[in-house]
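Peer 1: Have a look at this one.
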Amino acid sequence: MSADMNDDDLAGYLSDAEREAFGELFSAYPDDDGLASDISAELRAVRIRNAVRALNSAEGYTPPPRWPGSMAEQLAEGTPEIDWVVDGLMPNGMVQLNAQFKAGKTTFAINLARSLLLGESFLGRFPVVFDHAENVGFINMELDKNMFLKWLEPMQLDDAVQKRLHIYHAREAGFGRPNLRHPRGFQYMVDWLLDKNVTFLVIDPISALFMPSDWPASDINNSYLQFWDRLEELKRTAGLRGIFLTNHTGLSESAANRSRGCAAMMDKPDVNISYRHDGEMGQERAGNKNFMKPEGRIDAIDELELELSLKTKRLRVTGGGGKAETDARAKAILLWIHLDKLYQDCLANHQGNPDKLERPNKGELFGSLGWPTTGRKADESNRWYQYAKDQKWIDWERAGGKPNGPLIHKIGPDKPADHEISLAQSDGIFLKTKSQAAGIGASSANGGKS
């Protein structure tokens with residue numbers, strides 16, 4: 001402290017407790033005559049910021065109308081049934097569909113809206129619980145208005161049903177992204193939902209509605225939690241039974257089931273539905289199949305295969321297995337076709353002489369099929385291989401009859417269905433035999449009996 005600064009001067013800026021708290025600073029800068037003033041000004045600014053934040057966080061808060069009551073008091077009122085919007089799949093609350101781009105999120109959401117409005121089982125499997133007096137709201141954040149309405153045409157909704165579907169097009173002139181943070185933006189949405197008697201709201205996709213800059217925080221998860229609280233408030237204030245959200249996932253296999261953005265996007269929904277098309281992650285779909293796996297506050301549901309009608313845009317559960325099982329079966333069929341080709345070559349070139357049968361070991365077999373043999377992808381190859389073994393589509397023995405010899409393979413006693421084989425062959429499959437891979441020409445066979 002300089003000779004010109006006495007205790008009376010410090011007292012004009014700082015209290016005794018503050019002087020003691022900042023003693024190290026005064027020791028570090030003994031000749032800084034303005035230090036006490038600077039500290040006092042900084043404390044003042046921090047206190048003002050904290051007071052403003054406290055006021056903002058308290059803004060609009062209304063205490064609950066009564067004490068919540070004990071468990072006994074609450075049970076005395078009766079135990080209500082779960083308010084299912086879609087029985088067994090979507091309870092009263094928030095449900096989120098997580099899928100990569102071009103997987104059909106909007107088509108899924110439109111199918112859901114159609115089922116609710118018509119009272120038809122969703123996906124041909126899950127009964128809906130939706131009164132004819134209830135309406136559906138749809139916040140379209142992604143498609144142009146004309147394109148969205150064009151997508152609705154194949155659904156063939158009659159006039160009465162069309163009047164119960166209320167659509168907000170964010171890309172239409174004069175509308176734009178709803179700002180739920182702004183009091184007027186929030187009230188606009190509440191008034192719209194109440195006026196149209198909307199009890200179920202679809203937001204497609206939620207990532208286009210959530211803008212972190214509207215909800216400033218040190219971490220994007222904290223921003224999203226503020227936004228989520230506002231969604232919950234919208235649901236309560238507008239009297240919604242449920243909100244259905246779509247969201248984007250990453251493009252890698254490891255990110256296939258998680259929303260892209262922040263962890264809170266997956267943590268908050270009551271139910272998360274992982275949704276995938278039948279192609280590889282990050283690539284275009286292969287056909288008209290999708291796979292969904294719901295998880296959350298519902299009874300366990302196995303992964304379901306869905307089929308999309310290209311004519312009507314309707315989705316239905318097929319009764320087929322999940323994507324992992326479907327992929328394994330498709331790959332196992334390719335394995336059988338490869339071994340059968342070797343067997344047919346043996347019949348043609350060597351009259352089926354068993355001594356001429358080329359029986360590849362596992363590594364050779366995987367190499368001919370182009371299946372990874374090392375790294376994380378090798379787990380998938382082994383799963384496909386095991387599927388073929390379980391189906392008895394392949395047979396194997398130890399080379400040379402030695403107990404520790406490598407497994408060598410030929411086709412097994414059973415085979416895939418003929419239509420599955422034809423379909424796989426029509427896709428232009430080309431598999432190299434060991435001899436072809438070595439540039440020798442036509443291969444000798446590796447087979448057995450079909």
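The values are calculated or read from the model by the stated rules, or taken from the named source; none is laboratory data. From a predicted model like this one, the values you see are computed outputs, not experimental measurements. Ideal geometry is used to build each Cβ from the backbone, glycine not excepted, and the neighbour counts take in all protein chains shown.
Peer 1: Output the residue which, of all residues in region 291-345 that are part of a helix (DSSP H, G or I), small (Gly, Ala, Ser) and within 30 Å of Ile110 (Cβ to Cβ), is modelled with the highest pLDDT.
Peer 2: Ala330
Peer 1: Does region 48-81 hold any residues that are at pLDDT 85 or above and either in contact with a Pro (Cβ under 9 Å, 6 or more places away or on another chain) or closer than 30 Å to Ala21 by Cα (or both), and which are they?
Peer 2: Correct list: Ile48 only.
Peer 1: When the residues of region 185-240 are narrowed to those that are assigned to a loop (DSSP other than H, G, I, E, B) and in contact with a Phe, Trp or Tyr (Cβ under 7 Å, 6 or more places away or on another chain), which ends up nearest to Leu117 (Cα to Cα)?
Peer 2: That would be Leu240.
Peer 1: Please find, within region 158-175, the residue that is farthest from the chain's Cα centre (by Cα) out of those that are of a type outside the set (A, V, I, L, M, F, W, C) and under 17 Å from Leu193 (Cα atoms).
Peer 2: Lys163
Peer 1: Take region 1-44 and flag every residue that is at pLDDT 85 or above, among the small types (Gly, Ala, Ser) and assigned to a loop (DSSP other than H, G, I, E, B).
Peer 2: Passing the criteria: only Gly34.
Peer 1: Across region 379-423, what is the total count of residues that are of a type outside the set (Asp, Glu) and not in a helix (DSSP H, G or I)?
Peer 2: Qualifying residue count, region 379-423: 21.
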